[in-house]
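**Student:** Input: one structure, supplied below.
The values are calculated or read from the model by the stated rules, or taken from the named source; none is laboratory data. For clarity, every value in this text was computed on a predicted model and none was experimentally measured. No Cβ is skipped: glycine too gets one built from the backbone with ideal geometry, and neighbour counts run over all protein chains shown.
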Amino acid sequence: MAHALSMIVNGREVNAHVEARTLLVDFLRDHLGLTGTHVGCDTSQCGACVVQINGLSVKACTVLAMQADGADVTTIEGLAEGETLHPMQQAFQDHHGLQCGFCTPGMVMSALDIVRRHPDPSEAQIRDGLKGNFCRCTGYGSIVEAVQAGAKAMR
Amino acid sequence: MGRFGAGQPIRRVEDRRFLTGQGTYTDDRSLPNQAHMVVVRSVYAHARIEAIALEAARAMPGVIDIFTCADLDADGIGDVPTIFLPQNRDGSRMTAPRRRPLAQGVVRHVGEAVAIVIAETQAQARDAAELVQVDYDPLPAVAEAMDALEAGAPAVHDSHPDNLIVDWEMGDEAAVAEAFQSAARIVSLDLINNRVAPIAMEPRAALGQWDEAEDRFTLYTGSQGSHSLRTWLCRHVFGIPEEKMRVVAGDVGGGFGMRIFLFPEHALVLYAARKLGRPVKWVGDRSEAFLTDTHGRDHHSHARLALDEDGHFLALKVETVANLGAYVSQMGAFIPTLGGSGMLSGVYRTPHLHVHVRCALTNTAPVDAYRGAGRPEAAYLIERLVDAAARETGLAPDEIRRRNFIAPEQMPFTTSGGKTYDSGDFARLMDQAMARADWSGFPARREQSAKNGRLRGIGLAYYIEACGGGGPETARIMLSPEGDATVLIGTQSTGQGHETAYAQMVADGLSLPLSRIKVHQGDTDVVATGSGTGGSRSIPVGGAALAQAIEAVQAKAKRLAAHLLQAPEEDLSFADGRFTLPGSERSITLDELARASRDPDHLPEGMTPCLDATESFKPAAGTYPNGCHICEVEVDPETGETSILRYTIVDDFGVVLNPLLLQGQVHGGTVQGIGQALWEMAAYDPESGQLLAGSFMDYAVPRADFLPRIDSATDESIPCRTHPLGVKGAGEAGTIGAAPAVINAVVDALSPLGIRHVDMPATPHRVWKAIQQQRAGRFGT
């Protein structure tokens, strides 16, 4: 049975009907075509699917779409202002904080959550804040640098 | 050299699409009217399939069709091939057991594909797959290679009753035996190179399409090289000419060797698409990735080193048993034999080497190339053994290496492994690394740790890698009428940043901004040929081909400029995109030349239209990047937990193209090596053959909070002498150097307790157990 759903995604209102079992990540990807949010595991560990719900970071694979009914959702597609990258996105490019790019959307969204909690994060705070986001390419060092630089640019 | 020349840390051009969520990984692509495939997989490691009941599944909503091996057989679908077939030591050629895309009668590892369900949605296909009833008759299973080679072990394939699939050797056995006879000392070590899962963050996926009018397939799948996949699919699976298949990689979320290979799902989405006349998409989940991605390593080795009274190495003898899994993946038999064995000599003069490798079939996922592919196994073995020799001789780890290093003045040097190193200054790099790591200050730091009840250790490894192998690579450059450059090349980025690296070379050579250069890869309809990316070959081979193509375009442009300016070619100079005749007003830009080159009336005699060039490069010799890793750890003897406090690398990669990308390769590779050394283990239950580490809850992928910052540097003063650009390759180096450095450090930390060896992964449990056993042995229980 389909359920009516309404939410704000990246500043725009969306209305849809979804099955009760539809995960938020599948709703974003399959219904809205926002394929920047990725699925890298099936146990809610890798963090490639991190989005913001009402300003808080959430793994979109652990949330049913219906649980986000009425919420304000931000995905990686909602960060840049036209051609201008968000300072955190820019910092990832400047510090080579990505390689294959698959974990990157989740990394950037988690980085924003770290900055929300720690406007001037230490290396330890960043590493701790990223432990729910796996990257197999970079070894994390360049991501830590990117988050530090991004946080600075956002202050 | 200009702004974009070699050595410039150019920011990546591909980053913007990844950072804004605009990448196109396989699952991001959908085709009209596509159906979804879910794979029914074996829950047993070894079982006979008595019956498959499909009625209940077929009755489920949305189900379009279900296929088993019987359907593939009826439609003449071929096998997933084994490509590399080594020669056994008795002169016979390895015979590979057949591998059907869907199990035929018997399943041989957990996760083996048994049936495919095609439905309108993925959820419907999953629901129906739950109702496919496979009646299994379980058979005894064997998961460990050593067990598989025991007499009476269950046979994985009836065709190979003793499970021995390869019996291979290299080197001079008699000379080694003689050297051992005369040795003052023999040091031996038994080592396990643990099985690991590759963990590309994007799980494998495939989208197959069939064009009935054209009688032609299209396969969208993230890979490390679309061309080899196409060849294997056409030749071995479908029996069709390559013109009848297009393979498109798109963006690829990590590869690490695993994505070179043809997997059953590639064949199955295409089969189903043709059968149903609709595109068919399969997206694997992480559990499927753990169960069915090719794994890496899984070697057991007995290694013996003969030394003279001064600590000089006389000979090395290695006996290895390698686990190849239930089927031999395309290059599976290459890794432990030709892939790694020739590198066992390491950076040492050791005059004699003999290697005996036995490969076993087991009821586990197939094992194939994983970052380094044989070279990490070799480096781990020799660098652990050298440390053991240092301990037994009383020589310091750096001193015993210094005594045995191949010296720069001995280059080119052909090792006992049969590799000819062109260049390298191992002692100098080791000194640099020791200085950066404050090696001399270590005793004081160890004392400080001891005061805090911690065991501190320092470990050193000097790795060498062989790169640039494989086939030739072809690069094509075309200039548009506006003078924008398009590069077509058959290597494949899975994160390395080829779009930037290659564009950087073109920007430098043709004075173009990066925004006017587009690199195309991974589409067999666009790029004519390719050998893909693997073995750290993209810049050493692809880059060399591109450099030649850039030169050819420059030469063609210059000739055309001379023709149009009516000036002697040799008098023209090229700067900032413009050919100028010095001392005159005459000049012409590359853009103008690109336009003019399209009109035959403007061309000199014999010149083909358009500014373009196609050049191939086939390496005459391997390249040998090398370097020193130093790891410093602290072990908590109460918990067995190892913390890395400091990590230092000095590498010789020859000429460096883009230090930013290079560092990314080194650090990422190093963390994969550290992961293998300390945490990662694709563990199977030895009896049931069940994968115990089948998710991120059981398999410890390195996380940000596990790791310190890595200090790395390159010595760029030793260009490769056999390579036209002087580059040596860098993609796998970090992984190769890391594991021995980390374990040497852990063993060093534990050495005051009398512990001489710890196997990977040196998990807290394993280290704690070693400490407890040592204490029990020393003081009685």
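**Student:** Pick from B:Glu716, B:Glu615: which is surrounded by fewer than 17 Cβ atoms within 10 Å (Cβ to Cβ), more than 10 Å from every other protein chain (Cβ to nearest Cβ), under 30 Å from B:Gly490 (Cα atoms) and not hydroxyl-bearing (Ser, Thr, Tyr)?
**Tutor:** Being surrounded by fewer than 17 Cβ atoms within 10 Å (Cβ to Cβ), more than 10 Å from every other protein chain (Cβ to nearest Cβ), under 30 Å from B:Gly490 (Cα atoms) and not hydroxyl-bearing (Ser, Thr, Tyr) holds for just one of B:Glu716, B:Glu615, which is B:Glu716.
**Student:** In addition: Pick from A:Cys61, A:Cys135: which is within 9 Å of chain B (Cβ to nearest Cβ), under 16 Å from the mean Cα position of the chain (by Cα), outside any helix (DSSP H, G or I) and buried (at least 19 other Cβ atoms within 10 Å of the Cβ)?
**Tutor:** A:Cys135 is the lone residue from the list that is within 9 Å of chain B (Cβ to nearest Cβ), under 16 Å from the mean Cα position of the chain (by Cα), outside any helix (DSSP H, G or I) and buried (at least 19 other Cβ atoms within 10 Å of the Cβ).
**Student:** Hey, among the residues in the stretch B:644-698 that are among the hydroxyl-bearing types (Ser, Thr, Tyr) and either free of Cβ contacts under 8 Å to residues at least 60 places away in the same chain or within 9 Å of chain A (Cβ to nearest Cβ) (or both), which one's surrounded by the most Cβ atoms within 10 Å (Cβ to Cβ)?
**Tutor:** Checked the stretch B:644-698; the qualifying residue surrounded by the most Cβ atoms within 10 Å (Cβ to Cβ) is B:Thr670.
**Student:** Out of B:Ala378, B:Ala373, which single residue is free of Cβ contacts under 8 Å to residues at least 40 places away in the same chain, touching a Gly at 6+ places or on another chain (Cβ under 6 Å) and buried (at least 24 other Cβ atoms within 10 Å of the Cβ)?
**Tutor:** Just a single option satisfies the conditions, and that option is B:Ala378.
**Student:** Out of curiosity, is A:Ile126 surrounded by 21 or more Cβ atoms within 10 Å (Cβ to Cβ) and more than 20 Å from B:Thr494 (Cβ to Cβ)?
**Tutor:** yes
**Student:** Determine whether B:Ala552 is of a type outside the set (Asp, Glu), touching a strand residue (DSSP E or B) at 6+ places or on another chain (Cβ under 7 Å) and surrounded by 24 or more Cβ atoms within 10 Å (Cβ to Cβ).
**Tutor:** no
**Student:** Could you tell me which residue of the stretch A:103-132 is farthest from the other protein chains (Cβ to nearest Cβ), considering only residues that are part of a helix (DSSP H, G or I), in contact with a Gly (Cβ under 9 Å, 6 or more places away or on another chain) and of a type in the set (A, V, I, L, M)?
**Tutor:** By that ranking, first place goes to A:Val115.
Residue-wise test of (1) of a type outside the set (Gly, Ala, Ser); (2) touching a helix residue (DSSP H, G or I) at 6+ places or on another chain (Cβ under 7 Å).
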{"position": "B:Ile10", "(1), (2)": "yes, yes"}
{"position": "B:Asp15", "(1), (2)": "yes, yes"}
{"position": "B:Leu31", "(1), (2)": "yes, no"}
{"position": "B:Val63", "(1), (2)": "yes, yes"}
{"position": "B:Arg89", "(1), (2)": "yes, no"}
{"position": "B:Thr95", "(1), (2)": "yes, no"}
{"position": "B:Ala103", "(1), (2)": "no, yes"}
{"position": "B:Ala113", "(1), (2)": "no, yes"}
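**Student:** Take the residues in the stretch B:258-305 that are within 30 Å of B:Glu383 (Cα to Cα) and surrounded by fewer than 23 Cβ atoms within 10 Å (Cβ to Cβ); name whichever of them is farthest from the other protein chains (Cβ to nearest Cβ).
**Tutor:** Only one residue tops the list, namely B:Arg304.
**Student:** Let me ask something else about it. Tell me, which residue of the stretch B:6-44 that is touching an Asp or Glu at 6+ places or on another chain (Cβ under 6 Å) and within 13 Å of chain A (Cβ to nearest Cβ) is nearest to A:Gly78 (Cα to Cα)?
**Tutor:** So the residue we want is B:Gly21.
**Student:** Kindly indicate whether B:Thr639 is within 29 Å of B:Arg456 (Cβ to Cβ) and within 14 Å of another protein chain (Cβ to nearest Cβ).
**Tutor:** So B:Thr639 does not fit the description; no.
**Student:** Also: Any idea how many residues of the stretch A:12-54 are of a type outside the set (A, V, I, L, M) and in contact with a strand residue (DSSP E or B) (Cβ under 8 Å, 6 or more places away or on another chain)?
**Tutor:** 14
**Student:** Report those strands (runs of 3 or more DSSP E) wholly inside the stretch B:47-133 carrying at least 3 residues which are buried (at least 17 other Cβ atoms within 10 Å of the Cβ) and β-branched (Val, Ile, Thr).
**Tutor:** B:63-68, B:113-119
**Student:** Look through the stretch B:699-708, keep the residues that are facing chain A (nearest Cβ under 8 Å) and touching a residue at least 40 places away in the same chain (Cβ under 8 Å), and return whichever of them is farthest from B:His46 (Cα to Cα).
**Tutor:** B:Leu707
**Student:** Hey, could you check the stretch A:19-30 for residues that are within 11 Å of chain B (Cβ to nearest Cβ) and outside any helix (DSSP H, G or I) and say which is surrounded by the fewest Cβ atoms within 10 Å (Cβ to Cβ)?
**Tutor:** Result: A:Arg21.
**Student:** I've got another one for you. I'm told B:Thr95 meets every condition in (1) under 32 Å from the mean Cα position of the chain (by Cα); (2) among the polar types (S, T, N, Q); (3) away from chain A (no Cβ under 14 Å); (4) farther than 28 Å from B:Ala369 by Cβ except one. Can you identify the failing condition by its number?
**Tutor:** Unmet condition: (4).
**Student:** Still on this structure, I have one more. What residue, among those in the stretch B:309-321 that are in contact with a helix residue (DSSP H, G or I) (Cβ under 8 Å, 6 or more places away or on another chain) and in a loop (DSSP other than H, G, I, E, B), is farthest from B:Val176 (Cα to Cα)?
**Tutor:** Filtering the stretch B:309-321 for residues that are in contact with a helix residue (DSSP H, G or I) (Cβ under 8 Å, 6 or more places away or on another chain) and in a loop (DSSP other than H, G, I, E, B), the one farthest from B:Val176 (Cα to Cα) comes out as B:Asp310.
**Student:** Further question on the same structure: Restricting to the stretch B:171-220, what's the tally of residues that are more than 14 Å from every other protein chain (Cβ to nearest Cβ) and either under 27 Å from B:Trp679 (Cα atoms) or of a type in the set (Lys, Arg) (or both)?
**Tutor:** Going through the stretch B:171-220 one residue at a time, the tally reaches 10.
**Student:** A follow-up question, please. B:Val252: surrounded by 24 or more Cβ atoms within 10 Å (Cβ to Cβ), among the aliphatic types (A, V, I, L, M), in contact with a Phe, Trp or Tyr (Cβ under 9 Å, 6 or more places away or on another chain) and within 14 Å of chain A (Cβ to nearest Cβ), yes or no?
**Tutor:** Taking the combined requirement at face value, the residue satisfies it.
**Student:** Further question on the same structure: Only one of these conditions is not met by B:Ala749: (1) buried (at least 22 other Cβ atoms within 10 Å of the Cβ); (2) at pLDDT below 95; (3) assigned to a helix (DSSP H, G or I). Which number is it?
**Tutor:** (2) is the only condition that B:Ala749 fails.
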